[in-house]
Amino acid sequence: MPSTDDSRRRGSTSFDSASEGDDGRIHRFSLAERIVHRITAVLMIVCILTAAVLYNGSLSVAIGHRHLVELIHVYCGFALPVPMLLGAVSVAYRADLHRLGQFSSADRRWLRSRTRRDGTIRVGKFNAGQKLNGALTSSSILVLFATGIIMYFVTLAPLPWRTGATFVHDWFSIAVGLLVVGHITFAMKDPEARAGMRTGWVSRHWARREHAAWLHEVTDGADGDQTDERVDS
């Protein structure tokens, strides 16, 4: 706990107890956000694995139970948007959705830079890559959900529509699979980011290096840096 002298020095810039722990670690994700992420990840991985079985003849023969695999794929696919919709009840979740939907001048510099991870470009809570990944993944889920409905409920649309929906569904499935592989690859390279999603907390050192503008925001400027993230209107 900070001393009395420390508190007096900080004055109006005292930390929000929900943002910083007693050990100096910074709160990054709420419980609701972590639950939504985990459930969505499980559903997505099950959909990818079952899709691989359904579309690969050798795998389908080796595993068998094609009808059961198809049912698992369909119901997990229909369930994919549910965690995100339920997560909207959480204020923290809605706030982060807003963050993910905003691109700043720093984000554009981050995308153009070849040294984007050296800390010279001050990043908010999410970097531009994470924002793009979030936009592509969420929009792909909606497309897969809509085309899946057309494919599964055959009386809803004529045959040409179902044929087109199958084509779109297949290609978006491949794209989502690549996005998930990329997401996991980057996550495996950053243990601190994984810890943040697993426990909700990250170290101050990591936050200053990877998301300095966000650290400045959650500590009310007490970290000593000036934010460089300006969202364009």
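The values are calculated or read from the model by the stated rules, or taken from the named source; none is laboratory data. No experiment lies behind these values; they were computed from the predicted model shown. Quick reminder, even Gly has a Cβ in these numbers, built from the backbone with ideal geometry, and neighbours come from all protein chains shown. The protein model used for the area step is the full one, side chains on, heavy atoms only, and it has no ligands, DNA or RNA in it. Shrake-Rupley method; radii C 1.70, N 1.55, O 1.52, S 1.80 Å.
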Is there any pair with a first residue in the range 111-124 that is in contact (Cβ under 8 Å) with a residue 40 or more places away in the chain and a second that is β-branched (Val, Ile, Thr) and open to solvent by less than 80 Å² (accessible area, probe 1.4 Å) whose Cβ atoms are under 7 Å apart and which are 6 or more apart or on different chains, and what are they?
122/227
Considering every residue within the range 119-129, establish whether at least one is in a helix (DSSP H, G or I), modelled with pLDDT under 95 and open to solvent by 60 Å² or more (accessible area, probe 1.4 Å).
no
Which residue is most open to solvent (accessible area, probe 1.4 Å), if the candidates are limited to the range 66-110 and must be in a helix (DSSP H, G or I) and among the aromatic types (Phe, Trp, Tyr)?
75
Within the range 168-190, how many residues are surrounded by fewer than 11 Cβ atoms within 10 Å (Cβ to Cβ) and farther than 22 Å from residue 49 by Cβ?
1
Which one of the conditions (1) more than 30 Å from residue 30 (Cβ to Cβ); (2) polar (S, T, N, Q); (3) in contact with a Leu (Cβ under 9 Å, 6 or more places away or on another chain) does residue 138 fail to meet, given that it meets all the rest?
(1)
If residue 220 satisfies all but one of (1) touching a residue at least 60 places away in the same chain (Cβ under 8 Å); (2) part of a helix (DSSP H, G or I); (3) open to solvent by 30 Å² or more (accessible area, probe 1.4 Å), what's the number of the condition it fails?
(2)
Is it fair to say residue 132 is in contact (Cβ under 8 Å) with a residue 60 or more places away in the chain and open to solvent by 50 Å² or more (accessible area, probe 1.4 Å)?
no
Yes or no: residue 27 touching a strand residue (DSSP E or B) at 6+ places or on another chain (Cβ under 8 Å) and open to solvent by 40 Å² or more (accessible area, probe 1.4 Å)?
yes
Answer with yes or no whether residue 96 is acidic (Asp, Glu), within 20 Å of residue 183 (Cα to Cα), within 23 Å of the chain's Cα centre (by Cα) and at pLDDT 90 or above.
yes
Hey, among 35, 63, 48, which residue is at pLDDT 95 or above and open to solvent by 40 Å² or more (accessible area, probe 1.4 Å)?
35
